[in-house]
Amino acid sequence: MLLERYLQVFHIFNYILFNFVDPNLVEIQMELAKEVYPRFLDENTAKNMLRTMTKDRFEMTLSNLVFALAKGAIGGFVLALIIAAMARREAF
């Protein structure tokens, strides 16, 4: 439950930051990725990632926000399910 709240606050903060506080952050992220990918990835992987890099992958739109929140909720549910199964098994 706490993890889900954290993710909600995080994604809403990012939405506000990228859309209202500084909309140029998308370009900054793309430039940083172009600089960093070749340093940490092998040459072929870096080239493929840079070739497929588009602005819409970095934008924080309302649909991206909802999708990110849904992924976080599903991940939190799966984690809670695993913990509950482990706790139940230890109880018997």
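The values are calculated or read from the model by the stated rules, or taken from the named source; none is laboratory data. This is a predicted model, so every value here is computed, not measured. Please note: Cβ atoms are built from the backbone with ideal geometry, for glycine as well, and neighbour counts cover all protein chains shown.
The requirement of being at pLDDT 85 or above and surrounded by 12 or more Cβ atoms within 10 Å (Cβ to Cβ) is fulfilled nowhere in the stretch 81-90; no residue meets it.
Of everything in the stretch 9-37, what is of a type outside the set (A, V, I, L, M) and exposed (fewer than 15 other Cβ atoms within 10 Å of the Cβ)? Give them in sequence order. Talk me through it step by step, then tell me what you get.
Of all residues in the stretch 9-37, those of a type outside the set (A, V, I, L, M) come to 10-11, 13-15, 18-20, 22-24, 27, 29, 31, 34-35, 37.
Correct list: F10, F13, F20, D22, P23, N24, E27, E31, K34, E35.
Being free of Cβ contacts under 8 Å to residues at least 12 places away in the same chain and surrounded by 13 or more Cβ atoms within 10 Å (Cβ to Cβ) is the filter here; which residues of the stretch 65-79 pass it?
The first filter runs over the stretch 65-79 and keeps only residues free of Cβ contacts under 8 Å to residues at least 12 places away in the same chain, leaving 66-67, 70-71, 74-75, 77-78.
G75 - this is the single residue of the stretch 65-79 that is free of Cβ contacts under 8 Å to residues at least 12 places away in the same chain and surrounded by 13 or more Cβ atoms within 10 Å (Cβ to Cβ).
Within the stretch 18-38, the only residue that satisfies the criterion of being outside any helix (DSSP H, G or I) and either of a type in the set (D, E) or within 15 Å of the chain's Cα centre (by Cα) (or both) is D22. Of all the listed residues (K47, K71), the sole one being under 29 Å from F20 (Cβ atoms), part of a helix (DSSP H, G or I) and among the charged types (D, E, K, R) is K71.
So for the stretch 59-68 (the condition being among the charged types (D, E, K, R) and part of a helix (DSSP H, G or I)), does at least one residue qualify?
First pass over the stretch 59-68, keeping only residues among the charged types (D, E, K, R): 59.
Now drop any that are not part of a helix (DSSP H, G or I), which leaves none.
No, the stretch 59-68 has no match at all.
Name the residues in the stretch 30-60 that are of a type in the set (V, I, T) and modelled with pLDDT of 85 or more, would you? Of everything in the stretch 30-60, those that are of a type in the set (V, I, T) and modelled with pLDDT of 85 or more turn out to be V36, T45. A Cβ distance below 7 Å, combined with a sequence gap of six or more or placement on separate chains, defines the contacts here; from the stretch 13-36, residues that are aliphatic (A, V, I, L, M) reach residues that are loosely packed, with under 11 Cβ neighbours inside 10 Å in the pairs V26/K55; M30/K55. Of the residues making up the stretch 33-58, those that are within 27 Å of A70 (Cβ to Cβ) and out of contact with any Phe, Trp or Tyr (no Cβ under 7 Å at 6 or more places or on another chain) are A33, T52, M53, T54, K55, D56, R57, F58.
Of everything in the stretch 8-53 that is of a type in the set (K, R) and out of contact with any Pro (no Cβ under 9 Å at 6 or more places or on another chain), the residue that is farthest from A73 (Cα to Cα) is R39.
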